[in-house]
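The values are calculated or read from the model by the stated rules, or taken from the named source; none is laboratory data. Treat the numbers as computed from the prediction; the structure is a model and nothing was measured. FYI the Cβ positions are ideal-geometry reconstructions off the backbone, even for glycines, and counts take in every protein chain you see.
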Amino acid sequence: MSKRRHIKFWRYYKEWIETYKNGQIQDVTYAKYLMIQKQIKNLVPDLYLDEMTRRDVQRLINKYGETHERTTVLDFLHHIQAPLRDAVYEGWIAKDPTYKVVATSHKKHKKTRNLYLEKDEVDKLVDVFQKDGSWLADMCDFDLRTGLRYAEVLGLTPKDVDLQGLTVYVNKTWDYKTGEGFISAKEKQVGYR
């Protein structure tokens, strides 16, 4: 086995995301990794990579679960698993300390409201959009009728819309969060709608 690596876990996690995630994922996703790194530093600032046990990771998850819902805790756990498995591969730790760790939460799941509109609500919206007649209302009407994501609608160009065949080709989005311009759509999102 290679030499163990004595480094604080939050610092190792930061190095890992800078090495393996920076420039490889969308900025929004990268920001999520940075937020998780800050959470790790806040919750377990003195936890060292080479001293981590399953018990330490479970305690970290339990502590995180005191203020977050279970689905968020599960997401947090998934974000720390890959770097720890890489540390095992490198020989810096002997075992995967996330093995059989359970996502726990003390926070009750909020009742989610409907994430869809009823037909009568859609009809009212269409009526409002058509009476308005502005470009923004037209865009919202188009979005409502196609079901495209907001960034996908913003990324459309005239050559992406086939009025004869009534199809839309989605191959890019518009990065409205950073204003960087067009971004190629993810492979699974490209296609005719």
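Can you tell me which residues in the range 134-160 are over 28 Å from the mean Cα position of the chain (by Cα) and loosely packed, with under 10 Cβ neighbours inside 10 Å?
To start, the set of residues in the range 134-160 that are over 28 Å from the mean Cα position of the chain (by Cα) comprises 134-135, 137-138, 158-159.
Result: SER134, TRP135, PRO158, LYS159.
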Revision key, fill the gap. Residue set THR71, THR112; condition at pLDDT below 95, under 29 Å from THR173 (Cβ atoms) and in contact with a His (Cβ under 9 Å, 6 or more places away or on another chain); output residue THR71
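Residues that are of a type outside the set (Asp, Glu) and under 24 Å from THR29 (Cβ atoms): find the helices (runs of 4 or more DSSP H) completely inside the range 88-193 holding 1 or more of those.
Details: elements: 119-132, 135-146, 150-154.
In the range 88-193, 150-154 are the helices (runs of 4 or more DSSP H) which contain 1 or more residues that are of a type outside the set (Asp, Glu) and under 24 Å from THR29 (Cβ atoms).
Would you please name the residue that is nearest to the chain's Cα centre (by Cα), looking only at residues in the range 1-60 that are acidic (Asp, Glu) and part of a helix (DSSP H, G or I)? Working first, answer last.
Here is the first cut: in the range 1-60, the ones acidic (Asp, Glu) are 15, 18, 27, 46, 50-51, 56.
Narrowing the set further to residues that are part of a helix (DSSP H, G or I) leaves 15, 18, 27, 50-51, 56.
Working: GLU15: 20, GLU18: 17, ASP27: 10, ASP50: 28, GLU51: 29, ASP56: 25 Å.
Once the filter is applied, the top-ranked residue is ASP27.
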Check your understanding: Is one or more of the residues making up the range 54-74 out of contact with any strand residue (DSSP E or B) (no Cβ under 9 Å at 6 or more places or on another chain), surrounded by 18 or more Cβ atoms within 10 Å (Cβ to Cβ) and within 30 Å of GLU180 (Cα to Cα)?
Key -> no
Check your understanding: Do we find a residue being touching a helix residue (DSSP H, G or I) at 6+ places or on another chain (Cβ under 7 Å), on the phi < 0 side of the Ramachandran plot and either aromatic (Phe, Trp, Tyr) or surrounded by fewer than 17 Cβ atoms within 10 Å (Cβ to Cβ) (or both) anywhere in the range 25-33?
Key -> yes
